[in-house]
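Here is the structure we will look at.
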Amino acid sequence: MKKKEAEIYVSPVQLSHLKLIIQSEEKDTILDGKFVAPEGKEFVIKNGIPDFTIYNENEKNEYAINLFKDKAKEYDKYQHLSFETFYEDETVVRNSMIDKLHLVPSSKVLEVNAGTGRDSVFIAKRLSKNGKLHVQDISRDMLEVCKNKLHGLAVPTEIHQGNACKLPYADKTFDAVYSFGGVGMNTYSNNKEAIAEMVRVTRTDGRIVIGGLSLAPWLRNTFFGKVLINHNPHYANEITFNDFPIQSRRLNLSWILAGAGFVIDFTVGEGEPKANFEYEIPGSRGGTHLTRYLGSLEGVTPETKKLAQQAREKLGVSMHKWIDEIVKREAEKILNGK
């Protein structure tokens, strides 16, 4: 990893106050070393890849770490079959997903769950020396393969091993975040936490694209679906929009691979969406969205309600305006001693 990039890992909330110890380096690149926390916890840098993994946190993390431990070198030999099964061109599909990031050459991008870098290379080719690409995965074996693929490309790249649910970056660090496979393959320890972390490290108006394997609901009980699930249980994993935070804006869901995979893309906003709740609503009831929600009073008897409706009709005003004026007038009389 580059020396100047080490600050990105030292400064975030999760990894604040760490001390960087360099054990070997080459020019401005740290090859081996470690970050040391005040309480003594160490995060090792090996072959230029820092390891921020929180081990033994839960079974899913251990599953993800071990899943590709002995498969990384062979992984790329068979990945194309996941696309050819559906008569799809892998390059075309992957690039169509990356298109949704709306990248420019100077974009700063994070790829979560990058694996051997099959998408990383396509992302890197869209960035210039003025951009940046950061790559994360929980499997060091996969990252070693990815690192070799990214070597020599124009865009500055940084790779780290770690948990998707605890990204070692400050808030709003990136213009875009991309992740294909983690949600659909159920390799994140907690999908909701992982997506929340992606949102946290993305700037306002930045883009996030998440994809993976998951059969469309209408295909799950078909022959097509049963054959796929029999081959790979990950096709049975379900996506839920309850995993997405309130900052999600203009969210789109697309089905790919003949309905056996999905892509979700959205823009990151600030807090809850904004809306105009204060205009007068036409009609006999009247009021605004806010007065209807926040201004409710104790209920009245059916007889009183009927009389109120008749009175409102005779006056030719909305129920909101009539009641608001009466309550305000009578309350002021009492409070002013009149």
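A few points about this structure:
- The chain, relative contact order in percent, only Cα pairs under 8 angstrom and at least six apart counted: 12 percent
- Reducing the stretch 70-104 and the stretch 118-162 to their Cα centroids gives an inter-centroid distance of 15 Å.
- Charging the Cβ of each Asp and Glu at -1 and of each Lys and Arg at +1, and nothing else, the dipole of the chain about its Cα centre rounds to 840 debye.
- With a threshold of 24 Å on the Cα-Cα distance, the over-threshold entries among LYS19/LYS125; LYS108/LYS147; LYS77/LYS125; LYS4/LYS41; LYS100/LYS132; LYS3/LYS41 are LYS19/LYS125.
- Ranked packing of 112-119, 326-333, most packed first, by mean Cβ within 10 Å: 112-119, 326-333
- The alpha carbon convex hull volume per residue for the chain rounds to 232 Å³.
- Take ARG292: with every protein chain present and a 1.4 Å probe, its accessible area is about 80 Å².
- When each of the peptides 173-181, 294-302, 23-31 is scored by the mean number of other C-beta atoms lying within 10 Å of its residues, the order from highest to lowest reads 173-181, 23-31, 294-302.
- The stretch 17-40 versus the stretch 292-338: alpha-carbon centroid distance in Å: 70 Å
- Options VAL109, PHE180, ILE138, ranked by Cα towards positive dipole end of the stretch 106-196, top entry (Cβ charges): VAL109
- Nearest 10 degrees, 0 to 90: helix 319-335 Cα axis against the chain principal axis: 70 degrees
The values are calculated or read from the model by the stated rules, or taken from the named source; none is laboratory data. Because the structure is a prediction, the values reported are computed rather than measured. Cβ coordinates were reconstructed from backbone atoms using ideal geometry, including for glycine residues, and neighbour counts include every protein chain displayed. Keep in mind that these areas ignore ligands, DNA and RNA; they rest on the heavy atoms of the full protein, side chains included. Shrake-Rupley method; radii C 1.70, N 1.55, O 1.52, S 1.80 Å.
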